[in-house]
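Structure record follows, encoded as C-alpha cells.
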Protein chains: 2
Amino acid sequence: MTSSRGVRHDSMRARNLAVVLGELHRGGPLTRAALAELTGLTKTTVSTLVADLLESGVAVESGAVRDGERGRPGVAVSLSGHRVATLGLEINVDYLALCVVDLTRAVRLRRTQPVDSRNSRPDDTLRRLRELADAATSEAERSGLRIAGAALAVPGPVRDGLLCNAPHLGWRDVRVSDLLDLLDLPLAVENEANLAALGELWFGSAEPDFLYVSGEVGIGAGLVVDGSVFRGTYGLAGELGHVVVAPDGPACRCGGRGCLEVYAGQDALLGGAASIADLVALLEAGDRTALAGCAEAGRALGLALTSAVHLLDPGMIVLGGVYAPLFPWLEGDIRATLSARLGQMRRVPPPLAVSETGADAAVLGAAGLVIQQIIADPARAPRLWSGPSSGPR
Amino acid sequence: MTSSRGVRHDSMRARNLAVVLGELHRGGPLTRAALAELTGLTKTTVSTLVADLLESGVAVESGAVRDGERGRPGVAVSLSGHRVATLGLEINVDYLALCVVDLTRAVRLRRTQPVDSRNSRPDDTLRRLRELADAATSEAERSGLRIAGAALAVPGPVRDGLLCNAPHLGWRDVRVSDLLDLLDLPLAVENEANLAALGELWFGSAEPDFLYVSGEVGIGAGLVVDGSVFRGTYGLAGELGHVVVAPDGPACRCGGRGCLEVYAGQDALLGGAASIADLVALLEAGDRTALAGCAEAGRALGLALTSAVHLLDPGMIVLGGVYAPLFPWLEGDIRATLSARLGQMRRVPPPLAVSETGADAAVLGAAGLVIQQIIADPARAPRLWSGPSSGPR
DNA sequence: TATATTTAGTCCATAATCTGCACATAATCC
DNA sequence: GGATTATGTGCAGATTATGGACTAAATATA
C-alpha cells in the first residue's frame, strides 16, 4: 500500500543479486546452470552475479558436481559461512543472551548471562548488554567474521523500534535502539515471541506455517505464515496470554478477567513448585496437585488456542518456553479441547508439537532475521561490500 | 518465501508501469513531473510510460494544472474510467449480487437478485449467476467498458479457489471457478467477509487498518493491515463467529460450545422478531426483550473482540452487515467490555465504527480486488492491451 | 582408443531500458 | 518585454540482460 519507487538499472541488478542469493540460501549448493534454470536468468547473467558474490566472500565455490549425468560437471556454488555473520541479542526478565550466526545460519557463538532485570533501570541493563555485544563482536572478528547487523529481542510489544511496555521489566516506552546505537550497527528491535517463532522456523522444525506459543512469565505467541511473521497493525499481535478463557474468571494483572495467563502462565503452573525442573519432578512422581494444575492449564490453553485457530488459521501449533518440558502433561488436554471445539469447522485440528529449539529460540531468531534481511537485499547490507568501492560493481 | 524469478528488461518496464499506475491510483491526477518526483524515475522515463498508459486508454490527460506557482503548467494525468472495468460477484444465502466497477473505482452497474440458495445445488445457482454476469458484461460493453477480470464472494472459507465449506448453503468442496470459467475471464474466489473488508477499505472509510466484522447468518471478520487482507495459512482466518465467549455455554452448530455466534448471530439477535427491520422497530419502541438480547449480544461481541484485538491487533473495528443498523444498541456494551478488559494492555482500545458501505460491501470488494490486481501489474492484465500487439511496447 | 554427444561456463555483439543533459514551451514576476 | 521558473521531449550515452558462438570437460558409443 505504501508508495514504491521505480526500478532503475542498479536496482534491477540488486534485485537479481538477491534472487540468486535467495536461491543459494534455499537450495543449498547449486551450479551456475542450475541457478540460471531456477531464476529464469541467462547463464551469462548468473555468471556475472555469482562473480560478485564470490568476490565479496558471501559465496564460495565448493568443487565440481557430478549429477550422475553425462556432460561437463558444474561447479557448485554455496553460501559462505566464513565471512559474514550477524548478532542476535535478547533482554529477558532474568537473563541477557546473545549469539552470532553466520550466513549459512550456523551458530558460531552463544553467551548467556543471568541478570535479574525485574524493575531495573533500562540504562544499566543496556550498558551491560552492550559490553557483552562488544566482547562477542571482537571475538567474532578475530575468527574472520564481519558482523553485518544485529537484532534485539525484548519481552514486550515493539512499535517503530520503541519498546512500548514490558510489564515484567517495569519498562515503558523505552527507545532501545538509541541506547544501543553505539554498537555502530543497524539494529532491529522486536518482540521476543515473534523472534522465538522465527528461531523455531530457521533453527527448529523448518515448517513454513505455524503458531509458536512462548510460555514464559507471560504468554506470547508468534504466527509465522509462509515464512514470515504476522505483526498486526502496530506489532502488538499474538498476545495469546490475554485471550479470554473464562469471562468471569479471576482478575488478571492486565485489568481483564479470566485471561489465559491466569490459568497457564508460569506462576499459575508452578503452584507450590520452586522451578520448572521441580514441577517436572513432581509430575513424574505423580503429584496430584501438580497434575491437576497442568490439566487445568492444558484445558485453558486448548480454549485460547481454539479462538486463536479460528482467528489466525495457523498451519500448526508449536509449544515452546516452559511448555516444552511440560509438553507430555499438557498435550492431551490441549488436543482434546481443540478437537472437541473445532469439530465441524476443520477436518482436522492443526497439528500440535513441541519446540525443537531450546531456551535460546529468541536470540537465534534475532540473528536469523538479520540474515534474512541480508539475503533479501544484499546490495543494501552496509558491511558486505568492503574495500574501496561501496557496493557490488 | 517462495522462489522468485529474476528481473529482465521487460519486467523492469512492467514494474515501472505498475509504479506509475499505482501513484496515479493513490494520488489522483498528477503531472508527469510530479510522477517523476514520486517514483524517483526521470521525467523522460515517466513520459514514455505515461504514453503507453494513454494509448491503452487506462489513463487520460485531463487538462493543464496550475500549482499557483510560476513556471510552465503541467498536464494532469489521471486514471480513466472509460475503458477498463471489472466484475464483482456474490453468492449469498438469500441473494445473488453483482457489480461493475471501473478503474477509478466508480460503480457503473449494480444488480441484486433474491435467490434462496439454502441447500441448493451448486450447478443451478452458478448457472443463474452466470446468466446475470453475461447480461451485465454485455451491458457494460455497450457503454464502451471492457471487463478485464472478475472476483466472486462466497459465504465460506476458500482455499486455492475451492469453496471448502459453506454451511448455510449446504455446499462442501465446490470448485466454483471451474463452473464459472465459461465467462472466459480470470476469476478469483474469496470469502465474503474478506471481500467485504476490502469493500469497506475502498468504498467506505478508507482507513488502511481495521477489522471488518460481518454480521450475517454467521459471523465472519476480515482483517485489513496496511491495505491488504490477512488470510492466515489456508485462508481460514477471521472466523470470529466461533471464538470462545463462554467455555460452558450453549452448543453451537460448529460442534463447540459458547461460540460468539450463539450469542450474537443473526438468529440469536432476532429472537422473536421476523426481520432486522422489525427488530429495529422493537428496539426503538423500547421493547425489553429486544433490548436485553442486544445487550447480551453486545457483551458477547465485546468479549470475542477482546480476544481478537489481542491476537490480531487491528487498527480499528468496523461493524457491518446486520450490525450496522443495530449499531446504536450494540455500541455501548461492546465499548464498555473492550475498555474494561483491554485495560493495561493498550492506552486506548481500537476505535469502534459502523460500516460506511451498505449490504453490497462484498461485491464491491470483489470488483475492487480485481482493480487492485490490474493496478499492481497492468502488463499482465489480459484485456488491457488490445489491438495487434499483445502488450505494452 | 577415437569420436560423438551432452552439459557447463565464458565471450562478445546486440537489444532493451533508463539516465542526464540540452532544448523547446509556457506560464509568472518585475 | 525580458528574466525566471517549471514542464515536457529529444537524443546521446550508460547500464544491464540476452542470445548465439565458442571453449571445456565429462560420458556414451563405435
Determine the pairs where a residue that is touching a residue at least 40 places away in the same chain (Cβ under 8 Å) and more than 14 Å from chain A (Cβ to nearest Cβ), located within the stretch B:73-86, has a partner that is among the small types (G, A, S) and near DNA strand D (Cβ under 7 Å from one of its atoms) with Cβ atoms under 8 Å apart, the partner being 6 or more residues away or on another chain. B:G74/B:A33; B:G74/B:A34
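Any residue in the stretch A:20-39 that is β-branched (V, I, T) and within 9 Å of DNA strand D (Cβ to nearest atom)?
Filtering the stretch A:20-39 down to residues β-branched (V, I, T) leaves A:20, A:31, A:39.
Then keep just the ones that are within 9 Å of DNA strand D (Cβ to nearest atom); that gives A:39.
Within the stretch A:20-39, one or more residues are β-branched (V, I, T) and within 9 Å of DNA strand D (Cβ to nearest atom).
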What residue, among those in the stretch A:5-15 that are surrounded by fewer than 21 Cβ atoms within 10 Å (Cβ to Cβ) and not basic (K, R), is farthest from the other protein chains (Cβ to nearest Cβ)? A:D10
Every listed condition ((1) in a strand (DSSP E or B); (2) closer than 19 Å to B:I374 by Cα) holds for B:L211 save (2)
Of the conditions (1) among the small types (G, A, S); (2) under 20 Å from A:L223 (Cα atoms); (3) out of contact with any strand residue (DSSP E or B) (no Cβ under 9 Å at 6 or more places or on another chain), the single one that A:A336 does not satisfy is (2)
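Scanning the stretch A:56-72 for residues that are out of contact with any Gly (no Cβ under 8 Å at 6 or more places or on another chain) and over 17 Å from A:V46 (Cβ atoms), which turns out nearest to DNA strand D (Cβ to nearest atom)?
First pass over the stretch A:56-72, keeping only residues out of contact with any Gly (no Cβ under 8 Å at 6 or more places or on another chain): A:56-63, A:66, A:68-72.
If we keep only those that are over 17 Å from A:V46 (Cβ atoms) as well, we get A:57, A:63, A:66, A:68-71.
Values: A:G57: 20, A:G63: 11, A:R66: 7, A:G68: 8, A:E69: 7, A:R70: 3, A:G71: 5 Å.
Selected residue: A:R70.
Take A:G215 and tell me if it is crowded, with 20+ Cβ neighbours inside 10 Å, away from chain B (no Cβ under 14 Å) and within 16 Å of the chain's Cα centre (by Cα).
On the way: crowded, with 20+ Cβ neighbours inside 10 Å: yes; away from chain B (no Cβ under 14 Å): yes; within 16 Å of the chain's Cα centre (by Cα): yes.
Spelling it out, A:G215 is indeed crowded, with 20+ Cβ neighbours inside 10 Å, away from chain B (no Cβ under 14 Å) and within 16 Å of the chain's Cα centre (by Cα).
Which of the following residues is in contact with a helix residue (DSSP H, G or I) (Cβ under 9 Å, 6 or more places away or on another chain) and small (G, A, S): B:A324, B:A353? Talk me through it step by step, then tell me what you get.
Values: B:A324 fails: in contact with a helix residue (DSSP H, G or I) (Cβ under 9 Å, 6 or more places away or on another chain).
Sole residue among the options that is in contact with a helix residue (DSSP H, G or I) (Cβ under 9 Å, 6 or more places away or on another chain) and small (G, A, S): B:A353.
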If we scan the stretch B:30-51, do we find a residue that is more than 10 Å from DNA strand C (Cβ to nearest atom), within 26 Å of the chain's Cα centre (by Cα) and closer than 18 Å to B:G63 by Cα? no
For the stretch B:102-140 the number of residues that are in contact (Cβ under 8 Å) with a residue 24 or more places away in the chain and not in a helix (DSSP H, G or I) is 15
Given (1) more than 14 Å from chain B (Cβ to nearest Cβ); (2) without any contact (Cβ under 8 Å) to a residue 40 or more places away in the chain, number of the condition A:G321 does not satisfy: (2)
Please work out which residue is farthest from B:S228 (Cα to Cα), limiting yourself to the stretch A:21-45 and to residues that are at the interface with chain B (Cβ under 8 Å from one of its Cβ atoms) and in contact (Cβ under 8 Å) with a residue 12 or more places away in the chain. A:T45
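Consider the stretch A:202-212. How many of its residues are within 22 Å of A:L330 (Cβ to Cβ) and either within 12 Å of chain B (Cβ to nearest Cβ) or of a type in the set (D, E, K, R) (or both)? Break it down stepwise before answering.
Restricting attention to the stretch A:202-212, the residues satisfying the condition of being within 22 Å of A:L330 (Cβ to Cβ) are A:204-205, A:207, A:209-212.
Still in the list and also either within 12 Å of chain B (Cβ to nearest Cβ) or of a type in the set (D, E, K, R) (or both): A:207, A:209-211.
Qualifying residue count, the stretch A:202-212: 4.
Matching residues to (1) more than 7 Å from every other protein chain (Cβ to nearest Cβ); (2) within 22 Å of A:V245 (Cα to Cα):
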residue	(1), (2)
B:G227	no, no
B:R231	yes, no
B:G241	yes, yes
B:G256	no, yes
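On the given criteria, is A:G298 crowded, with 19+ Cβ neighbours inside 10 Å, in contact with a Ser or Thr (Cβ under 7 Å, 6 or more places away or on another chain), at pLDDT 95 or above and of a type outside the set (A, V, I, L, M, F, W, C)? Working first, answer last.
Working: crowded, with 19+ Cβ neighbours inside 10 Å: yes; in contact with a Ser or Thr (Cβ under 7 Å, 6 or more places away or on another chain): no; at pLDDT 95 or above: yes; of a type outside the set (A, V, I, L, M, F, W, C): yes.
No.
The values are calculated or read from the model by the stated rules, or taken from the named source; none is laboratory data. Everything numeric here is computed off the predicted structure, so don't read it as measured data. With ideal geometry, Cβ positions are generated from the backbone for all residues, glycine too; neighbour counts draw on all protein chains shown.
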